[in-house]
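Enquirer: My questions all concern the structure below.
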Amino acid sequence: MKRLFFILAAALLVTAASAQTLPKGRFFINPSLTNISFNTVTISVNGDKAGMNRFGLQASGGYAVIDNLGIVAGLGYQSASYEGSGLGAFNVFVGARYYIVQGFYAGANFAFGNLSTRNNDVKTSEVPKGSNNGTTLGIEANAGYSFFISDRFAIEPSLSFYYGLSNKMAGSAFNLNMFSVNFGFIYLL
């Protein structure tokens, strides 16, 4: 009995290790929650830095152009707050994801966003009190692991870093960089 169990376990391991994570020609959808347990956002305006708490939702989809390489497009919404002030951002992105070894992947996205702020802090002189609108443009690098529960469905924890290339708010440029811990799912169609 032990021998049979060992043979079955070894066969399952060899099959899983040789299986393609993202087969060519397969479409996929990938909803995720961003910044569930840990997040940090640093915004710098004229040398003054501020940190925020942030939460977001994101949905993407893609197509595997070759085995283990998919092109991705998606939408996201972020919400942030800091001492009575807030920020809401809607973004669109395109990019690619590559499965390096079974389950482990790395990706990169190019993102454009539209954001609005609500500043309730009278002491902040750089950003006027009230509402403001702006735009963001940046790149994001991400890495994670797909825990496949079935042939088509996986749970995906991941890390990502966003680097702002060009960001403007109320006529002023600002720096925007984000590190995120994310939790998502992938479903292969």
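Enquirer: In the range 113-132, how many are open to solvent by 40 Å² or more (accessible area, probe 1.4 Å) and either of a type in the set (Ser, Thr, Tyr) or at pLDDT 85 or above (or both)?
Expert: 5
Enquirer: Being within 23 Å of the chain's Cα centre (by Cα), at pLDDT 85 or above and farther than 17 Å from Phe161 by Cα, is that true of even one residue in the range 4-22?
Expert: Yes, the range 4-22 has at least one match.
Enquirer: Take the conditions more than 18 Å from Arg152 (Cβ to Cβ), of a type in the set (A, V, I, L, M, F, W, C) and modelled with pLDDT of 75 or more and apply them to Phe55. Does it pass? Even if it seems obvious, please write down each step before you answer.
Expert: Working: more than 18 Å from Arg152 (Cβ to Cβ): yes; of a type in the set (A, V, I, L, M, F, W, C): yes; modelled with pLDDT of 75 or more: yes.
Yes: the conditions hold for Phe55.
Enquirer: Please determine whether any residue of the range 171-183 is within 24 Å of Asn68 (Cα to Cα), assigned to a strand (DSSP E or B) and of a type in the set (Phe, Trp, Tyr).
Expert: So far as the range 171-183 goes, yes, one or more of its residues are within 24 Å of Asn68 (Cα to Cα), assigned to a strand (DSSP E or B) and of a type in the set (Phe, Trp, Tyr).
Enquirer: Give the range 164-174 a look and list any residue that's more than 19 Å from the chain's Cα centre (by Cα), in contact (Cβ under 8 Å) with a residue 24 or more places away in the chain and open to solvent by 60 Å² or more (accessible area, probe 1.4 Å), or say none.
Expert: Residue satisfying the conditions is Lys168 alone.
Enquirer: Please go through the range 136-149 and pick out each residue that is open to solvent by less than 60 Å² (accessible area, probe 1.4 Å) and farther than 15 Å from Tyr99 by Cα.
Expert: Thr136, Leu137, Gly138, Glu140
Enquirer: If the Cβ limit is 6 Å and pairs must be 6+ apart or interchain, which residue in the range 57-85 that is closer than 16 Å to Leu189 by Cα pairs with which residue that is surrounded by 14 or more Cβ atoms within 10 Å (Cβ to Cβ) and aromatic (Phe, Trp, Tyr)?
Expert: Qualifying pairs under 6 Å: Gly62/Phe28; Asn68/Tyr99; Leu69/Tyr98; Ile71/Tyr63.
Enquirer: Quickly run through the range 78-88 and pick out the residues that are out of contact with any Lys or Arg (no Cβ under 9 Å at 6 or more places or on another chain) and surrounded by 14 or more Cβ atoms within 10 Å (Cβ to Cβ).
Expert: Within the range 78-88, just Tyr82 meets the criteria.
Enquirer: Output the number of residues of the range 89-112 satisfying the condition of being open to solvent by less than 50 Å² (accessible area, probe 1.4 Å) and in contact with a Gly (Cβ under 8 Å, 6 or more places away or on another chain). It would help to see each step written out before you state the result.
Expert: Within the range 89-112, the first condition is being open to solvent by less than 50 Å² (accessible area, probe 1.4 Å), and the residues that meet it are 89, 91, 93, 95-97, 99, 103, 105-107, 109, 111.
From what is left, the residues that are in contact with a Gly (Cβ under 8 Å, 6 or more places away or on another chain) are 89, 91, 93, 95-97, 105, 107, 109, 111.
So the answer is 10.
The values are calculated or read from the model by the stated rules, or taken from the named source; none is laboratory data. Because the structure is a prediction, the values reported are computed rather than measured. Note that each Cβ is placed from the backbone with ideal geometry, even for glycine, and that neighbours are counted across all protein chains shown. For accessibility, only protein heavy atoms count, side chains too; no ligands or nucleic acids. Shrake-Rupley method; radii C 1.70, N 1.55, O 1.52, S 1.80 Å.
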